[in-house]
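Report on the structure given below.
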Amino acid sequence: MSSASVPVPSTSPADSDLVRAARGLPVTRTPVWFMRQAGRSLPEYRSLRAGTVMLEACQDPDMVTEITLQPVRRHGVDAAILFSDIVLPLVVAGLDIEIKPGIGPVIANPVRSVADVDALPPLEPEALGFLETAVRQLVAELGATPLIGFAGAPFTLATYLIEGGPSKEHARTKAFMYSEPEAWGRLMDKLAVSAAVFLRAQIDAGAVVVQLFDSWAGVLSAADYAERVLPHSRAVFDGLGERDVPRIHFGVGTGELLPLIGDAGADVVGVDWRIPLDEAARRVGPQRSLQGNLDPAVLLADRATVDREVRRIVEQGKAARGHIFNLGHGVLPDTDPTVLTHVTELVHELTTR
Ligand code: CP3
(Lines give C-alpha, C1' and ligand atoms only; values in the text may rest on other atoms or scores of the structure.)
Protein backbone atom coordinates (compact mmCIF):
# COMPACT_ATOMS: atom_id res chain seq x y z
CA MET A 1 0.00 0.00 0.00
CA SER A 2 1.53 3.34 -0.98
CA SER A 3 1.47 6.23 1.44
CA ALA A 4 -0.77 8.18 -0.96
CA SER A 5 -3.59 5.61 -0.83
CA VAL A 6 -6.78 6.31 1.07
CA PRO A 7 -6.35 5.50 4.76
CA VAL A 8 -8.76 3.43 6.84
CA PRO A 9 -10.51 5.32 9.66
CA SER A 10 -8.01 5.80 12.47
CA THR A 11 -8.40 4.83 16.10
CA SER A 12 -5.78 7.39 17.14
CA PRO A 13 -6.67 11.09 17.43
CA ALA A 14 -3.15 12.00 16.28
CA ASP A 15 -3.85 10.15 13.00
CA SER A 16 -7.47 11.32 12.61
CA ASP A 17 -8.91 12.85 9.43
CA LEU A 18 -8.70 16.27 11.12
CA VAL A 19 -4.96 15.97 11.71
CA ARG A 20 -4.39 14.41 8.29
CA ALA A 21 -6.33 17.14 6.45
CA ALA A 22 -4.40 19.76 8.43
CA ARG A 23 -1.15 18.21 7.22
CA GLY A 24 -2.33 17.79 3.63
CA LEU A 25 -2.43 13.97 3.87
CA PRO A 26 -5.16 11.73 2.36
CA VAL A 27 -8.36 11.42 4.43
CA THR A 28 -11.24 8.91 4.60
CA ARG A 29 -13.66 11.87 4.28
CA THR A 30 -13.53 15.63 4.78
CA PRO A 31 -13.46 16.35 8.53
CA VAL A 32 -16.15 18.71 9.88
CA TRP A 33 -16.43 20.76 13.07
CA PHE A 34 -18.04 24.10 13.85
CA MET A 35 -16.58 27.08 15.64
CA ARG A 36 -18.78 27.66 18.73
CA GLN A 37 -20.28 24.18 18.29
CA ALA A 38 -20.64 24.09 22.08
CA GLY A 39 -22.93 26.83 23.28
CA ARG A 40 -26.31 28.40 23.15
CA SER A 41 -27.55 26.64 19.99
CA LEU A 42 -27.77 23.48 22.16
CA PRO A 43 -30.64 23.11 24.66
CA GLU A 44 -28.50 20.68 26.68
CA TYR A 45 -25.87 23.45 27.00
CA ARG A 46 -28.42 26.03 28.11
CA SER A 47 -29.77 23.75 30.82
CA LEU A 48 -26.31 22.75 32.11
CA ARG A 49 -25.08 26.37 32.16
CA ALA A 50 -28.20 27.75 33.90
CA GLY A 51 -27.10 29.41 37.13
CA THR A 52 -23.34 29.31 36.42
CA VAL A 53 -21.54 32.36 35.03
CA MET A 54 -19.47 31.75 31.90
CA LEU A 55 -16.00 32.26 33.39
CA GLU A 56 -16.81 30.00 36.36
CA ALA A 57 -18.02 27.28 34.01
CA CYS A 58 -14.72 27.53 32.07
CA GLN A 59 -12.75 26.73 35.26
CA ASP A 60 -14.86 23.73 36.35
CA PRO A 61 -13.23 20.63 34.80
CA ASP A 62 -16.40 18.50 34.93
CA MET A 63 -18.51 21.20 33.33
CA VAL A 64 -15.85 21.88 30.68
CA THR A 65 -15.72 18.16 29.89
CA GLU A 66 -19.48 17.74 29.58
CA ILE A 67 -20.03 20.92 27.51
CA THR A 68 -17.15 20.06 25.18
CA LEU A 69 -18.59 16.57 24.58
CA GLN A 70 -22.19 17.70 23.92
CA PRO A 71 -21.77 18.69 20.24
CA VAL A 72 -19.56 15.67 19.52
CA ARG A 73 -22.28 13.30 20.77
CA ARG A 74 -25.10 15.17 19.11
CA HIS A 75 -23.65 15.99 15.69
CA GLY A 76 -20.96 13.36 15.14
CA VAL A 77 -18.43 16.07 14.28
CA ASP A 78 -14.82 15.07 13.66
CA ALA A 79 -13.33 17.18 16.45
CA ALA A 80 -14.04 18.51 19.89
CA ILE A 81 -12.92 22.03 20.79
CA LEU A 82 -12.18 22.75 24.42
CA PHE A 83 -14.95 24.75 26.07
CA SER A 84 -13.18 27.86 27.31
CA ASP A 85 -12.74 31.45 26.18
CA ILE A 86 -9.95 33.57 24.74
CA VAL A 87 -9.99 35.86 27.80
CA LEU A 88 -9.57 32.98 30.28
CA PRO A 89 -5.74 33.25 30.50
CA LEU A 90 -6.17 36.91 31.48
CA VAL A 91 -8.74 35.98 34.12
CA VAL A 92 -6.51 33.24 35.56
CA ALA A 93 -3.62 35.75 35.65
CA GLY A 94 -5.79 37.93 37.88
CA LEU A 95 -7.54 40.51 35.68
CA ASP A 96 -11.07 41.57 36.56
CA ILE A 97 -13.09 40.45 33.50
CA GLU A 98 -16.71 39.48 33.08
CA ILE A 99 -18.36 37.91 30.04
CA LYS A 100 -21.70 39.66 29.67
CA PRO A 101 -24.34 37.52 27.96
CA GLY A 102 -25.13 38.83 24.48
CA ILE A 103 -22.24 41.32 24.67
CA GLY A 104 -18.93 39.58 25.30
CA PRO A 105 -15.90 40.17 27.54
CA VAL A 106 -15.90 43.39 29.58
CA ILE A 107 -12.66 44.50 31.32
CA ALA A 108 -13.00 46.43 34.61
CA ASN A 109 -9.72 48.34 34.19
CA PRO A 110 -8.83 48.71 30.51
CA VAL A 111 -5.21 49.12 29.40
CA ARG A 112 -4.87 52.79 28.46
CA SER A 113 -1.28 53.75 29.38
CA VAL A 114 2.27 52.49 29.21
CA ALA A 115 2.11 51.90 32.99
CA ASP A 116 -1.01 49.75 32.52
CA VAL A 117 0.93 47.55 30.07
CA ASP A 118 3.81 47.11 32.48
CA ALA A 119 1.45 46.26 35.36
CA LEU A 120 -0.21 43.34 33.52
CA PRO A 121 0.35 40.16 35.56
CA PRO A 122 1.88 37.10 33.86
CA LEU A 123 0.01 33.80 33.48
CA GLU A 124 1.65 31.22 35.74
CA PRO A 125 1.51 27.68 34.26
CA GLU A 126 0.88 26.33 37.80
CA ALA A 127 -2.49 28.12 37.81
CA LEU A 128 -3.75 25.92 34.95
CA GLY A 129 -4.32 22.70 36.91
CA PHE A 130 -8.07 22.82 36.22
CA LEU A 131 -7.34 22.99 32.49
CA GLU A 132 -5.00 20.02 32.58
CA THR A 133 -7.64 18.01 34.48
CA ALA A 134 -10.33 18.95 31.97
CA VAL A 135 -8.19 18.07 28.95
CA ARG A 136 -7.10 14.72 30.43
CA GLN A 137 -10.73 13.78 31.22
CA LEU A 138 -11.76 14.81 27.73
CA VAL A 139 -9.08 12.88 25.93
CA ALA A 140 -10.08 9.76 27.90
CA GLU A 141 -13.76 10.22 26.92
CA LEU A 142 -13.12 11.18 23.29
CA GLY A 143 -11.33 8.03 22.15
CA ALA A 144 -10.43 8.45 18.46
CA THR A 145 -11.95 11.95 18.19
CA PRO A 146 -9.27 14.65 18.34
CA LEU A 147 -9.41 17.54 20.79
CA ILE A 148 -8.58 21.03 19.51
CA GLY A 149 -6.93 23.36 22.00
CA PHE A 150 -7.06 27.10 21.38
CA ALA A 151 -5.96 30.54 22.44
CA GLY A 152 -6.71 34.13 21.46
CA ALA A 153 -3.99 35.79 19.39
CA PRO A 154 -2.23 38.84 20.86
CA PHE A 155 -3.98 41.39 18.63
CA THR A 156 -7.54 40.20 19.34
CA LEU A 157 -6.83 40.05 23.08
CA ALA A 158 -5.27 43.53 22.94
CA THR A 159 -8.49 44.89 21.41
CA TYR A 160 -10.50 43.68 24.43
CA LEU A 161 -7.90 44.94 26.92
CA ILE A 162 -7.59 48.40 25.36
CA GLU A 163 -11.22 48.99 24.34
CA GLY A 164 -12.47 47.55 27.65
CA GLY A 165 -14.97 45.39 25.79
CA PRO A 166 -16.22 44.51 22.31
CA SER A 167 -15.94 47.27 19.71
CA LYS A 168 -16.56 47.74 15.99
CA GLU A 169 -13.79 50.08 14.87
CA HIS A 170 -11.08 49.18 17.39
CA ALA A 171 -10.04 52.84 17.16
CA ARG A 172 -8.48 53.07 20.64
CA THR A 173 -6.48 49.93 19.93
CA LYS A 174 -5.14 51.33 16.66
CA ALA A 175 -4.42 54.72 18.26
CA PHE A 176 -2.37 53.00 20.99
CA MET A 177 -0.58 50.84 18.41
CA TYR A 178 0.45 53.91 16.37
CA SER A 179 1.26 56.33 19.19
CA GLU A 180 2.97 53.98 21.70
CA PRO A 181 4.84 51.54 19.47
CA GLU A 182 7.22 50.34 22.18
CA ALA A 183 4.53 49.75 24.80
CA TRP A 184 2.43 48.12 22.06
CA GLY A 185 5.29 45.73 21.39
CA ARG A 186 5.62 44.90 25.09
CA LEU A 187 1.86 44.34 25.40
CA MET A 188 1.85 42.04 22.39
CA ASP A 189 4.92 40.18 23.75
CA LYS A 190 3.17 39.60 27.07
CA LEU A 191 0.01 38.35 25.35
CA ALA A 192 2.06 36.05 23.10
CA VAL A 193 3.80 34.50 26.12
CA SER A 194 0.49 33.95 27.90
CA ALA A 195 -1.13 32.42 24.78
CA ALA A 196 1.82 30.04 24.42
CA VAL A 197 1.56 29.01 28.11
CA PHE A 198 -2.18 28.38 27.65
CA LEU A 199 -1.63 26.32 24.48
CA ARG A 200 1.27 24.29 25.88
CA ALA A 201 -0.85 23.27 28.88
CA GLN A 202 -3.55 21.97 26.51
CA ILE A 203 -1.12 20.15 24.22
CA ASP A 204 0.82 18.59 27.08
CA ALA A 205 -2.46 17.24 28.51
CA GLY A 206 -3.50 15.72 25.16
CA ALA A 207 -4.87 18.26 22.64
CA VAL A 208 -3.65 17.15 19.19
CA VAL A 209 -4.44 20.30 17.16
CA VAL A 210 -4.41 23.97 18.17
CA GLN A 211 -6.25 26.96 16.79
CA LEU A 212 -5.09 30.54 17.30
CA PHE A 213 -8.08 32.91 17.05
CA ASP A 214 -7.17 36.35 15.72
CA SER A 215 -10.82 37.15 15.16
CA TRP A 216 -10.45 40.91 14.71
CA ALA A 217 -7.16 41.08 12.72
CA GLY A 218 -9.21 41.86 9.60
CA VAL A 219 -9.56 45.49 10.72
CA LEU A 220 -5.86 46.07 9.92
CA SER A 221 -4.09 46.90 6.66
CA ALA A 222 -1.71 44.25 5.41
CA ALA A 223 1.25 46.56 6.09
CA ASP A 224 0.27 47.20 9.71
CA TYR A 225 -0.57 43.55 10.26
CA ALA A 226 2.80 42.44 8.85
CA GLU A 227 4.82 44.92 10.91
CA ARG A 228 2.95 45.25 14.20
CA VAL A 229 1.00 42.01 14.68
CA LEU A 230 2.37 39.08 12.70
CA PRO A 231 5.71 38.81 14.60
CA HIS A 232 3.78 38.40 17.86
CA SER A 233 1.41 35.75 16.47
CA ARG A 234 4.48 33.94 15.14
CA ALA A 235 5.96 34.13 18.65
CA VAL A 236 2.93 32.20 19.96
CA PHE A 237 3.54 29.37 17.50
CA ASP A 238 7.30 29.49 18.12
CA GLY A 239 6.53 29.21 21.84
CA LEU A 240 5.15 25.70 21.23
CA GLY A 241 8.71 24.52 20.65
CA GLU A 242 9.00 20.96 19.37
CA ARG A 243 5.36 20.07 20.05
CA ASP A 244 4.37 18.56 16.72
CA VAL A 245 0.65 19.41 16.51
CA PRO A 246 -0.98 21.08 13.48
CA ARG A 247 -1.69 24.79 13.90
CA ILE A 248 -4.86 26.45 12.62
CA HIS A 249 -4.85 30.25 12.40
CA PHE A 250 -8.16 32.06 11.94
CA GLY A 251 -9.50 35.59 11.62
CA VAL A 252 -12.63 37.28 10.24
CA GLY A 253 -12.49 39.59 7.20
CA THR A 254 -8.89 38.59 6.51
CA GLY A 255 -9.12 38.15 2.71
CA GLU A 256 -6.28 40.61 2.14
CA LEU A 257 -4.21 39.11 4.98
CA LEU A 258 -4.54 35.40 4.14
CA PRO A 259 -0.95 34.86 2.90
CA LEU A 260 0.42 36.69 5.96
CA ILE A 261 -1.80 34.73 8.36
CA GLY A 262 -0.30 31.59 6.86
CA ASP A 263 3.25 32.97 7.11
CA ALA A 264 2.84 33.52 10.85
CA GLY A 265 3.31 29.75 11.18
CA ALA A 266 0.05 28.02 10.30
CA ASP A 267 -0.52 24.57 8.83
CA VAL A 268 -4.15 25.55 8.21
CA VAL A 269 -5.56 28.98 7.42
CA GLY A 270 -9.15 29.63 8.53
CA VAL A 271 -11.25 31.51 5.97
CA ASP A 272 -14.50 33.42 6.53
CA TRP A 273 -17.35 33.41 3.99
CA ARG A 274 -16.28 36.55 2.09
CA ILE A 275 -13.83 34.72 -0.19
CA PRO A 276 -14.44 31.38 -1.93
CA LEU A 277 -12.04 28.62 -0.90
CA ASP A 278 -10.57 28.21 -4.39
CA GLU A 279 -9.56 31.89 -4.34
CA ALA A 280 -8.30 31.50 -0.76
CA ALA A 281 -6.19 28.53 -1.89
CA ARG A 282 -4.61 30.71 -4.60
CA ARG A 283 -3.80 33.39 -2.03
CA VAL A 284 -2.48 31.03 0.66
CA GLY A 285 -0.50 28.76 -1.68
CA PRO A 286 -0.08 24.99 -1.92
CA GLN A 287 1.88 24.51 1.32
CA ARG A 288 -1.05 25.04 3.71
CA SER A 289 -4.54 23.57 4.18
CA LEU A 290 -7.75 25.59 4.54
CA GLN A 291 -10.59 25.57 7.05
CA GLY A 292 -14.04 27.01 6.39
CA ASN A 293 -16.12 28.66 5.17
CA LEU A 294 -19.94 28.40 5.31
CA ASP A 295 -21.61 31.68 6.27
CA PRO A 296 -23.19 30.97 9.70
CA ALA A 297 -26.28 32.91 8.58
CA VAL A 298 -26.90 30.32 5.82
CA LEU A 299 -27.79 27.84 8.58
CA LEU A 300 -30.86 30.00 9.28
CA ALA A 301 -32.05 29.73 5.64
CA ASP A 302 -34.10 27.01 3.92
CA ARG A 303 -32.72 23.49 3.52
CA ALA A 304 -32.18 23.78 -0.26
CA THR A 305 -29.96 26.83 0.28
CA VAL A 306 -28.00 25.08 3.03
CA ASP A 307 -27.41 22.05 0.78
CA ARG A 308 -26.41 24.16 -2.22
CA GLU A 309 -23.90 26.15 -0.17
CA VAL A 310 -22.43 23.05 1.49
CA ARG A 311 -21.95 21.44 -1.94
CA ARG A 312 -20.31 24.58 -3.32
CA ILE A 313 -17.86 24.77 -0.42
CA VAL A 314 -16.98 21.07 -0.65
CA GLU A 315 -16.26 21.58 -4.39
CA GLN A 316 -14.22 24.76 -3.92
CA GLY A 317 -12.35 23.18 -1.01
CA LYS A 318 -10.86 20.67 -3.45
CA ALA A 319 -8.56 23.46 -4.64
CA ALA A 320 -6.80 23.42 -1.26
CA ARG A 321 -3.98 21.12 -0.13
CA GLY A 322 -6.36 19.82 2.53
CA HIS A 323 -9.83 20.99 3.62
CA ILE A 324 -11.42 21.05 7.06
CA PHE A 325 -15.11 21.92 6.70
CA ASN A 326 -16.26 24.60 9.14
CA LEU A 327 -18.25 27.81 9.25
CA GLY A 328 -16.70 31.16 8.34
CA HIS A 329 -17.26 32.25 11.97
CA GLY A 330 -19.04 30.89 15.05
CA VAL A 331 -22.46 29.21 15.21
CA LEU A 332 -25.15 31.85 15.84
CA PRO A 333 -27.16 31.20 19.03
CA ASP A 334 -30.46 31.00 17.07
CA THR A 335 -29.24 28.14 14.89
CA ASP A 336 -31.42 25.01 14.85
CA PRO A 337 -28.97 22.31 16.00
CA THR A 338 -30.59 19.69 13.74
CA VAL A 339 -29.28 21.73 10.79
CA LEU A 340 -25.72 21.38 12.14
CA THR A 341 -26.19 17.60 12.36
CA HIS A 342 -27.52 17.60 8.80
CA VAL A 343 -24.53 19.61 7.49
CA THR A 344 -22.11 17.20 9.20
CA GLU A 345 -23.84 14.22 7.57
CA LEU A 346 -24.01 15.88 4.17
CA VAL A 347 -20.29 16.75 4.12
CA HIS A 348 -19.47 13.18 5.13
CA GLU A 349 -21.78 11.73 2.47
CA LEU A 350 -20.36 13.98 -0.28
CA THR A 351 -16.73 13.26 0.55
CA THR A 352 -16.48 9.62 1.69
CA ARG A 353 -13.70 8.13 -0.44
O1 CP3 B 1 -15.99 27.02 19.69
C2 CP3 B 1 -16.32 26.47 20.75
O3 CP3 B 1 -17.35 25.76 20.87
C4 CP3 B 1 -15.36 26.54 21.94
C5 CP3 B 1 -15.59 27.55 22.88
C6 CP3 B 1 -15.26 29.01 22.63
C7 CP3 B 1 -15.95 30.03 23.31
N8 CP3 B 1 -15.33 31.22 23.03
C9 CP3 B 1 -17.09 29.81 24.20
C10 CP3 B 1 -18.00 30.93 24.45
C11 CP3 B 1 -14.26 29.61 21.86
C12 CP3 B 1 -13.27 28.98 20.91
C13 CP3 B 1 -14.31 31.01 22.14
C14 CP3 B 1 -13.35 31.98 21.60
C15 CP3 B 1 -13.70 33.41 21.61
N16 CP3 B 1 -14.23 34.14 22.63
C17 CP3 B 1 -13.42 34.30 20.55
C18 CP3 B 1 -12.75 33.90 19.27
C19 CP3 B 1 -13.72 33.24 18.35
C20 CP3 B 1 -14.67 34.19 17.70
O21 CP3 B 1 -15.88 34.01 17.91
O22 CP3 B 1 -14.22 35.07 16.97
C23 CP3 B 1 -13.84 35.57 20.93
C24 CP3 B 1 -13.76 36.83 20.10
C25 CP3 B 1 -14.34 35.47 22.26
C26 CP3 B 1 -14.88 36.55 23.13
C27 CP3 B 1 -16.29 36.26 23.45
N28 CP3 B 1 -16.68 35.37 24.43
C29 CP3 B 1 -17.47 36.72 22.80
C30 CP3 B 1 -17.50 37.73 21.68
C31 CP3 B 1 -18.57 36.09 23.42
C32 CP3 B 1 -20.02 36.14 23.03
C33 CP3 B 1 -20.88 36.95 23.92
C34 CP3 B 1 -22.34 36.54 23.71
O35 CP3 B 1 -22.98 36.22 24.72
O36 CP3 B 1 -22.79 36.55 22.58
C37 CP3 B 1 -18.05 35.26 24.42
C38 CP3 B 1 -18.82 34.38 25.32
C39 CP3 B 1 -18.80 32.95 24.95
N40 CP3 B 1 -17.66 32.23 24.69
C41 CP3 B 1 -19.91 32.09 24.91
C42 CP3 B 1 -19.40 30.81 24.61
C43 CP3 B 1 -20.17 29.52 24.50
C44 CP3 B 1 -21.34 32.47 25.21
C45 CP3 B 1 -21.49 32.45 26.69
C46 CP3 B 1 -22.87 32.06 27.09
O47 CP3 B 1 -23.27 30.90 26.84
O48 CP3 B 1 -23.53 32.90 27.72
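Listed values, structure above:
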{"read-out": "Search result, residues across segment 70-83 that are within 14 Å of residue 40 (Cα to Cα) and in contact with a strand residue (DSSP E or B) (Cβ under 8 Å, 6 or more places away or on another chain)", "value": "71"}
{"read-out": "So residue 162, is it at pLDDT 95 or above and touching a Lys or Arg at 6+ places or on another chain (Cβ under 6 Å)", "value": "yes"}
{"read-out": "Yes/no for residue 187 being away from the ligand (no atom under 16 Å from the Cβ), more than 24 Å from residue 79 (Cα to Cα), crowded, with 23+ Cβ neighbours inside 10 Å and touching a residue at least 12 places away in the same chain (Cβ under 8 Å)", "value": "yes"}
{"read-out": "Any hit, segment 338-350, residues being crowded, with 17+ Cβ neighbours inside 10 Å, closer than 21 Å to residue 274 by Cβ and more than 16 Å from the ligand (Cβ to nearest atom)", "value": "yes"}
{"read-out": "Residues within segment 98-109 that are more than 10 Å from the ligand (Cβ to nearest atom) and either buried (at least 21 other Cβ atoms within 10 Å of the Cβ) or without any contact (Cβ under 8 Å) to a residue 40 or more places away in the chain (or both), tallied", "value": "2"}
{"read-out": "Verdict on residue 334 being among the charged types (D, E, K, R), within 16 Å of the ligand (Cβ to nearest atom) and surrounded by 18 or more Cβ atoms within 10 Å (Cβ to Cβ)", "value": "no"}
{"read-out": "Filter result (without any contact (Cβ under 8 Å) to a residue 12 or more places away in the chain and assigned to a loop (DSSP other than H, G, I, E, B)) within segment 24-63", "value": "50, 51, 52"}
{"read-out": "Candidate set from segment 22-33 (those that are more than 16 Å from the ligand (Cβ to nearest atom) and closer than 21 Å to residue 151 by Cβ); member that is farthest from the chain's Cα centre (by Cα)", "value": "23"}
{"read-out": "Residue in segment 228-236 that is basic (Lys, Arg) and within 24 Å of residue 16 (Cα to Cα) present", "value": "no"}
{"read-out": "Residue among 128, 138, 95 that alone is within 13 Å of the ligand (Cβ to nearest atom) and under 26 Å from residue 51 (Cα atoms)", "value": "138"}
{"read-out": "Residue count, segment 119-175 (criterion: farther than 23 Å from residue 81 by Cβ, out of contact with any Phe, Trp or Tyr (no Cβ under 6 Å at 6 or more places or on another chain) and of a type in the set (Val, Ile, Thr))", "value": "1"}
{"read-out": "Of all residues in segment 34-87 being within 12 Å of the ligand (Cβ to nearest atom) and basic (Lys, Arg), the one that is surrounded by the most Cβ atoms within 10 Å (Cβ to Cβ)", "value": "49"}
{"read-out": "Residue within segment 110-118 that is aliphatic (A, V, I, L, M), within 13 Å of the ligand (Cβ to nearest atom), touching a residue at least 12 places away in the same chain (Cβ under 8 Å) and under 21 Å from residue 239 (Cβ atoms) present", "value": "no"}
{"read-out": "Test result for residue 253, surrounded by fewer than 20 Cβ atoms within 10 Å (Cβ to Cβ) and farther than 16 Å from residue 21 by Cβ", "value": "yes"}
{"read-out": "Criterion violated by residue 233 - all others in (1) among the small types (Gly, Ala, Ser); (2) without any contact (Cβ under 8 Å) to a residue 60 or more places away in the chain; (3) outside any loop (DSSP other than H, G, I, E, B) satisfied", "value": "(2)"}
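The values are calculated or read from the model by the stated rules, or taken from the named source; none is laboratory data. Predicted model, so just to flag it, every value in this text is computed and none were measured. Positions of Cβ are generated from backbone atoms using ideal geometry, with glycine treated the same way; all protein chains shown enter the neighbour counts.
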